[in-house]
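Input: a single structure, listed below in C-alpha cells.
The values are calculated or read from the model by the stated rules, or taken from the named source; none is laboratory data. These numbers come from a predicted model, not from an experiment. With ideal geometry, Cβ positions are generated from the backbone for all residues, glycine too; neighbour counts draw on all protein chains shown. Heavy atoms of the whole protein, side chains included, go into the accessibility calculation; ligands, DNA and RNA do not. Shrake-Rupley method; radii C 1.70, N 1.55, O 1.52, S 1.80 Å.
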Amino acid sequence: MSATRSRSAVLGRIRAATTTTPHAGTYESLPRAYRMQGELSSDQCVALLIERLREYDADITECTPDALIPTIATQIAKSGRSILAAPIGLPEDWLVPGCDWRVDHDLSHDQIEQTQGVVTAATCAVAESGTIVLHHGPAEGRRVLSLLPDWHLCVLKTSQVVETLPEYFARCDAPPALATFISGPSATADIEMTRIKGVHGPRFLNVIVVRD
Amino acid sequence: MIHPVLDPKLAPPFPKAALPVLRNPQLRKNVAHATDVITSKRGRLVAEKDDWQALRDAASALRAHVLENLGTYLEQFEERCTAAGGVVHWAADAAEAREIILNILRDENASEVIKIKTMTSAEIQLNPFLAQNGIEPHETDLAEIILQLGKDEPSHIVVPALHVNRSQVRDIFARTMHLPDLSDNPQELTAAARTYLRKKFLTVPTAISGANFLIAETGGVSVVESEGNGRMCLTLPRTMITLAGIEKVIPRYRDLEIMLQVLARSATGERMNPYTSLWTGVTKGDGPQRFHVVLLDNGRSDILQRERERQTLKCIRCAACMNACPVYRQTGGHAYGSVYPGPIGAILTPQLMKMEYAQSLPYASSLCGACYEVCPVKINIPEVLIDLRAKVTDQERNEERRFFDPLYLGMRMANKVFASAGRFQAAQRMMRIGLKPLTGKDGWIRSLPAYGARWTMTRDLRGVPQQSFREWWTSRANGKAKP
Ligand code: SF4
C-alpha cells in the first residue's frame with residue numbers, strides 16, 4: 001500500500017537527516033529557567049485572576065462556600081436567563097429552583113443550542129493570564145456544553161487558582177485526554193484590529209469565585 | 001480587488017509582485033495599521049514578562065531537541081494517537097495529502113466540509129482541489145471567510161485579512177450574504193458572520209483543521225484560536241481530519257507551559273489566546289467519533305538534512321517576524337507569492353519548493369535582523385537568508401544562460417574594473433560625465449536606462465560626486481585642497 005510506503009520513506013529521510021548530527025542533549029537536560037512558581041500570596045493571586053478576567057469583560061462575583069447556592073441564584077436572575085444547560089455531574093443543589101434546567105443526558109446539539117446559558121465547574125485557573133482550564137469531567141461537561149450557549153456561568157474555588165501556567169501543569173498528575181483553556185469570551189480582531197467579543201463561542205462569561 | 005497568485009510555481013518574482021502594492025496607498029495603510037497595533041501590544045506584554053528571554057531559550061532548545069529526535073517523537077505520537085482511537089496517515093507530498101483527505105471525505109459521503117484556519121491546507125492548495133472534486137470547503141475563521149467570499153488570498157498567517165478594511169468587508173458581506181443594509185461597523189459585520197456560520201457548524205458533519213502542536217506523550221492534538229470557530233469545528237462534527245506538518249510535534253503535555261506562553265504574546269500581543277483546545281483520539285460521547293491525522297512532509301525532511309537551514313522548522317507560525325519586518329510592512333503579504341509571507345516565508349517557501357521556485361524571496365529582506373530579535377523560538381532568519389542567497393547564486397553559476405545575461409556580463413566587467421586602480425579612476429571619470437544628465441539637482445539618480453533599471457526600480461542611486469576622495473587627497477597634498 002502506498003500509505004505505508006510513504007510512512008517508511010518519510011521516516012527514512014528523517015532518520016538519515018538526524019542520525020549524523022550531534023545530540024544536543026536529553027529531554028531532561030533542556031533549559032527551563034523561566035518562572036515556574038508564583039510569588040503571590042493566595043489572596044493576591046485570586047485578586048490578580050479577578051483583575052485579568054475583568055480585563056476580558058468577564059463578570060466576577062466572590063462568595064463564601066455557604067453563600068454559593070444563593071449566589072448562583074442571584075447571578076442567574078441578574079442575567080435574565082432561565083433555560084439553562086447543566087453537565088450531568090453538576091452538584092444537585094446548584095440546580096437552583098425557578099429555572100428550566102436541561103441536564104445533559106445526551107442532549108442533542110439542537111437541544112443545547114436552544115438553551116440560553118450553561119453552568120459548569122472548572123479544573124483550574126491561572127491568574128497571570130486569566131485562564132480557566134476545563135478537563136471536561138462530569139461537573140464541567142462535554143466540550144459542546146460550554147460552547148453553544150451564549151452565556152457561561154463558571155464556578156471556581158480559590159483552591160483551584162494558581163499564579164503561573166507552569167503551576168497548572170505541575171498539578172496535572174496525568175495529562176488529560178480533553179482540555180479547553182478559556183481566556184475570556186470568544187473574540188476577534190480580524191476587522192481593522194478592533195476587538196469584538198463573541199464571534200462563535202459564548203459571548204458572556206460569568207465567574208463565581210468561592211473562597212474555600 | 002486584485003486576485004493574487006499564492007502558488008510559488010506561478011507567482012511573479014518578488015520585486016515585480018511588490019510594485020502594484022507600493023502604488024496602492026490604501027492597502028499599505030491597512031497593513032501598516034494592523035502591524036502597528038500588534039507590534040505595540042506585543043511589546044507591552046513582552047516587557048511585563050521578566051522571564052521572557054528564559055522562555056525564548058526554553059522554547060528554542062525544546063524545538064531544536066524535537067527536530068533532532070523527530071523520528072522518535074513522530075512514531076511515539078503515532079502509536080499513542082492510534083491507541084486513543086485516531087487514524088494516522090503519512091503524506092510524502094502535497095498531492096498525496098490531498099488524495100488522503102479526499103478519500104476520507106468520499107468515505108464519509110461528504111459534499112461540504114467546515115474548516116478551521118490552517119496554513120498547511122493552504123500550502124497544499126486543498127480548497128481548490130476539494131472544490132474541483134465536488135466538495136465545498138467552508139472557511140470558518142472570520143478573516144478566512146472575508147477572503148473566501150471576496151475571492152481574495154491571505155496576506156498574513158495570523159491575521160490573514162489585515163489588508164482589507166471595514167468598508168471592503170462590508171461590501172463583500174453585503175454582496176455575498178445578500179445583506180444590502182449592512183453597515184461597516186465591525187460589531188455588526190462580526191454578527192453577520194456569526195449568523196451565517198452557525199448553521200454550517202450545526203449541519204456539516206465533517207471538519208478539517210490544522211494543528212498547533214502534536215503531543216508525542218499522549219498522542220493529543222492542540223489547536224489555538226480566538227473566535228471559537230475552532231472549538232465548533234472540532235466538537236460538533238461527526239468526523240474530524242487534522243492536517244499537520246511533521247515538525248509540529250512536541251514531546252510532552254507539560255511542554256505547552258512554554259509554547260503557549262510564547263505563542264500568544266508573539267502572535268497577537270495577548271497574555272493568552274481566548275481558546276486553546278486539546279483532544280486525544282476520540283472520546284466516547286464527546287466530540288467527533290472518527291478522527292484522522294495526516295502527517296505532511298512536503299519538503300520538510302529535506303530541510304532537516306541541512307544543518308543551518310534546519311532551524312526553519314522550529315517555527316511555530318506566530319507571525320511576529322512579519323509584523324516586525326520593514327519589507328513586509330511596505331509590501332504586505334501577497335507580493336511573496338506564497339501562503340507563507342514575510343521573513344519566515346522568505347526562508348521557508350524556497351526550501352519547501354526544493355529551491356526550484358521562489359528564488360527571489362531570499363532577497364526580499366533588508367537583513368536588519370528585526371525578525372531574529374522577535375522570534376520566540378530564536379530562528380536566525382538573516383543567517384538562513386544569506387545561506388539561501390548563496391545557494392541561489394551557486395545554482396545560477398551553473399546555468400548556461402548566465403553567459404548571455406547582461407547582469408552577469410556587467411558584473412564580470414565590473415570585476416575587471418575594480419581590480420585595477422587606474423581602470424577604476426578612468427571609469428569614475430567616464431561615469432561622472434555619462435551619468436550627469438541622469439542625476440537630479442539633489443545628487444540622486446532616480447532611474448537608470450536599460451538594464452540599470454533593474455537596480456533603480458527598487459532603489460535610488462547616489463550620483464558620482466564631482467571630486468573623488470583620491471582626487472581630493474592628491475590636490476590636498478599639493479596644497480590646493482579646500483577642506
Ligand atoms: S519564524 Fe519565528 S517569529 Fe516568524 S512566525 Fe516562525 S516562530 Fe514566529
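With the largest listed first and rounded to whole Å, the semi-axes of the equivalent ellipsoid of segment B:56-178 from the Cα gyration tensor are 32, 22, 12. Across peptide B:249-258, the average count of Cβ atoms from other chains found within 10 Å of a residue's Cβ is 5. Its DSSP H runs of at least 4 residues, each contributing -39,500 (n - 2.57), put the calculated 222 nm mean residue ellipticity of chain B at -15000 deg cm²/dmol, to the nearest 500.
In the assembled protein chains, B:M353 presents an accessible area of approximately 40 Å² (probe radius 1.4 Å).
Could you give the semi-axes, largest first, of the ellipsoid that matches segment B:329-444, computed as the square roots of 5 times the alpha carbon gyration tensor eigenvalues and rounded to whole Å?
Details: eigenvalues 232, 80, 41 Å².
They are 34, 20, 14 Å, listed largest first.
The charge dipole of segment A:131-194, taken about its Cα centre with unit charges on the Cβ of Lys, Arg, Asp and Glu (plus for the first two, minus for the last two), comes to roughly 280 debye. Among DSSP bridges having both ends in chain B, what percentage is antiparallel? Round to the nearest 5. Approximately 35 percent, going by the DSSP bridge assignments.
Dipole of chain B computed with +1 at Lys/Arg Cβ and -1 at Asp/Glu Cβ about the Cα centre; of B:L22, B:T203, B:V221, farthest Cα towards the positive end is B:L22.
Other protein chain C-beta atoms within 10 Å of residue C-beta, averaged over B:48-57: 3.
Could you work out [θ]222 nm for chain A from helices alone, using -39500 (n - 2.57) per DSSP H run of at least four and dividing by all its residues? Round to the nearest 500 deg cm²/dmol.
Working: 5 runs with 55 residues, N = 212.
My calculation for chain A gives -8000 deg cm²/dmol from helical runs alone.
Running Debye on segment B:278-335 with equal point scatterers at the Cα sites and no solvent, what base-10 log of I(q)/I(0) appears at q = 0.24, 0.27, 0.28 Å⁻¹? Here the Debye-derived log intensity ratios amount to -0.98, -1.05, -1.07.
So, for segment A:97-212, what is the accessible surface per residue at a probe of 1.4 Å, expressed in square angstrom?
On the way: 3500 Å² over 116 residues.
Accessible area per residue, segment A:97-212: 30 Å².
Rounded to a whole number, what is D in µm²/s for segment B:1-82 from Stokes-Einstein with the Kirkwood radius over alpha-carbon pairs (20 °C, 1.002 mPa s)? Display every interim value, and only then the final one.
Working: Rh = 17.6 Å.
For these conditions, the coefficient is 122 µm²/s.
Which cross-chain or sequence-distant (5 or more) residues have an amide H under 5 Å from the amide H of B:N212, H modelled 1.01 Å from N in plane? When sequence neighbours closer than 5 places are left aside, the close amide H contacts are B:S222, B:V223, B:V224.
Between B:L461, B:A191, B:M232, the Cα set farthest toward the positive side of the dipole of the protein assembly as shown (charges on each charged residue's Cβ, about the Cα centre) is that of B:L461. When the Cα positions of B:M353, B:P376, B:A364 are compared along the charge dipole of segment B:305-434, B:A364 comes out farthest toward the positive end, with charges on each C-beta of Lys, Arg, Asp and Glu. Under the rule that an exposed site lies in a DSSP loop and has at most 12 other Cβ atoms within 10 Å, name the longest stretch of chain B with no trypsin sites (Lys or Arg not before Pro) of that kind, not counting the sites themselves. Here the longest segment lacking exposed loop sites spans B:152-283.
With the convex hull drawn over the C-alpha atoms of chain B, the volume per residue is 190 Å³. Solvent-accessible area of segment B:1-142 (1.4 angstrom probe, protein heavy atoms only): carbon and sulfur portion equals 52 percent. Debye-formula intensities of segment B:120-248, expressed as log10 I(q)/I(0) at q = 0.09, 0.19, 0.21, 0.22 Å⁻¹, are -0.28, -1.21, -1.42, -1.51 (one equal scatterer per alpha-carbon, no solvent).
In the structure displayed, which of B:K115/B:K151; B:K354/B:K391; B:K314/B:K354; B:K151/B:K248 lie more than 20 Å apart, Cα to Cα?
Numbers: B:K115/B:K151 16 Å; B:K354/B:K391 11 Å; B:K314/B:K354 18 Å; B:K151/B:K248 29 Å.
The pairs that break the limit, which is 20 Å between Cα atoms, are B:K151/B:K248.
Note on A:K78: lysines with a C-alpha under 22 Å away, same-chain residues under 8 apart excluded, are A:K157, A:K197.
Report, to two decimal places, the Cα Rg of the protein assembly as shown normalised by 2.2 N^0.38 Å (N = number of residues). Don't jump to the answer; show the numbers that get you there.
Working: Rg = 28.3 Å, N = 695, 2.2 N^0.38 = 26.4 Å.
Scaled against compact globular proteins, the figure is 1.07.
Taking Cα centre as origin and charging only the Cβ of basic (Lys, Arg, +1) and acidic (Asp, Glu, -1) residues, the dipole magnitude of segment B:1-95 rounds to 820 debye.
Chain B packed on chain A takes about 7300 Å² of accessible surface away from a 1.4 Å probe, both sides summed.
Rounded to the nearest 20, the size of the Cβ-charge dipole of segment B:30-151 about its Cα centre is 460 debye, with Lys and Arg at +1 and Asp and Glu at -1. Of the residues A:L11, A:L53, A:L178, which exhibits the maximal mean-square fluctuation in a Gaussian network model of chain A defined by a 10 Å Cα contact cut-off? Maximum fluctuation in the GNM of chain A, among the listed residues, is at A:L11.
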